[in-house]
1. Going through the stretch 165-196 one residue at a time, which ones are of a type in the set (Phe, Trp, Tyr) and either without any contact (Cβ under 8 Å) to a residue 24 or more places away in the chain or over 19 Å from Ser253 (Cα atoms) (or both)?
2. Here are some conditions: (1) modelled with pLDDT of 90 or more; (2) more than 23 Å from the chain's Cα centre (by Cα); (3) open to solvent by 40 Å² or more (accessible area, probe 1.4 Å). Arg141 meets all but one. Which one does it not meet?
3. Determine the pairs where a residue that is charged (D, E, K, R), located within the stretch 81-96, has a partner that is open to solvent by 60 Å² or more (accessible area, probe 1.4 Å) with Cβ atoms under 7 Å apart, the partner being 6 or more residues away or on another chain.
4. If you scan the stretch 88-100, which residues turn out to be surrounded by 10 or more Cβ atoms within 10 Å (Cβ to Cβ) and modelled with pLDDT of 85 or more?
5. Name the residue that is most open to solvent (accessible area, probe 1.4 Å), counting only residues in the stretch 25-48 that are of a type in the set (A, V, I, L, M) and under 14 Å from Asp77 (Cβ atoms).
6. For the stretch 53-85: of the residues being assigned to a helix (DSSP H, G or I) and in contact with a strand residue (DSSP E or B) (Cβ under 8 Å, 6 or more places away or on another chain), which is most open to solvent (accessible area, probe 1.4 Å)?
7. Could you tell me which numbered condition Thr15 fails, if it satisfies all but one of (1) open to solvent by 10 Å² or more (accessible area, probe 1.4 Å); (2) outside any helix (DSSP H, G or I); (3) under 25 Å from Glu256 (Cβ atoms)?
8. For the stretch 236-272, which residues satisfy the criterion of being without any contact (Cβ under 8 Å) to a residue 60 or more places away in the chain and among the small types (Gly, Ala, Ser)?
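The values are calculated or read from the model by the stated rules, or taken from the named source; none is laboratory data. Predicted model, so just to flag it, every value in this text is computed and none were measured. Don't worry about glycine lacking a Cβ; one is built from the backbone with ideal geometry, like all the others, and counts go over all protein chains shown. The area values use the complete protein model at the heavy-atom level, side chains included, leaving out ligands, DNA and RNA. Shrake-Rupley method; radii C 1.70, N 1.55, O 1.52, S 1.80 Å.
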Amino acid sequence: MKRTAFFISDGTGITAETLGQSLLAQFGNIDFRRLTRPYIDTTEKALAMVQQINAVAEQEKSRPIVFDTIVNPQIRDILATANAFKLDIFSTFLNPLETELNESSSYSVGKSHSIKQNDTYMQRIEAVNFALENDDGARTRHYDSADIILVGVSRCGKTPTCLYMAMQYGIRAANYPLTEEDMDLLTLPNSLKPYRQKLFGLTIEAERLAAIRHERKPNSRYASFAQCEFEVREVEALFQRENINFINTTQFSVEEISAKILVEKGIERRFK
């Protein structure tokens, strides 16, 4: 079964997309076509959006699913005329919250992602810069400032996880790739030993690692299953010898990996 889902907003669309995607993920038997439409902030754009939604409904013979975070009541009224199953995220949650808090919402566009109103913006950027500057073991002199240091074999997901934790949580995350030389020594690299309490390991199934590496360096020793199997086996043994917590990333998204790491390490989001 196929259905179309629209994520519509008068801002960036990030909130509508994030919440909508989370809900759609619960319906694994349906193949959703996902369309994000940000900055629907005029009546003209809203009317054009209604036409687009109705065209999809006619073509597919089923109502599209619409997730929206529109705050302008006039634009919301226009969208309500579309032939769609509509989920108004803001009104669904804001109205009961206003009642509970006995306070009216400001109904301002883009509040959650505003630079001017959100004093965490620079903290996010600084954390991202830290992740980039301390990526792939290129520099270790700033490890004393790190909140966490991810270790594992090459291409097991360290870099995207560090960047996600930086952007979403403001975490200063560094990463260090364990090489075949490190494994031969049967101990942690000297540059990591002073930071043992900050270390967290990532591992991955050998088959998946070989497929990822093959995209980067096809038909190489680096990408061979035998090499990947050896590295994964040795690095997991190293983690166990050194009593370093680790998780297998094969079946998890970067969001899930990040959340699991922060829970296990007891690290809190750096901004509220």
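1. Of everything in the stretch 165-196, those that are of a type in the set (Phe, Trp, Tyr) and either without any contact (Cβ under 8 Å) to a residue 24 or more places away in the chain or over 19 Å from Ser253 (Cα atoms) (or both) turn out to be Tyr176, Tyr195.
2. In the conditions (1) modelled with pLDDT of 90 or more; (2) more than 23 Å from the chain's Cα centre (by Cα); (3) open to solvent by 40 Å² or more (accessible area, probe 1.4 Å), Arg141 misses (1) alone.
3. Matching pairs, first to second residue: Lys86/Ala80.
4. From the stretch 88-100, those surrounded by 10 or more Cβ atoms within 10 Å (Cβ to Cβ) are 88-98; that's our starting set.
Matches in the stretch 88-100: Asp88 only.
5. Applying the filter and picking the extreme gives Leu47.
6. The extreme case among them is Glu60.
7. (2)
8. Across the stretch 236-272, the qualifying residues are Ala237, Ser253, Ala259, Gly266.
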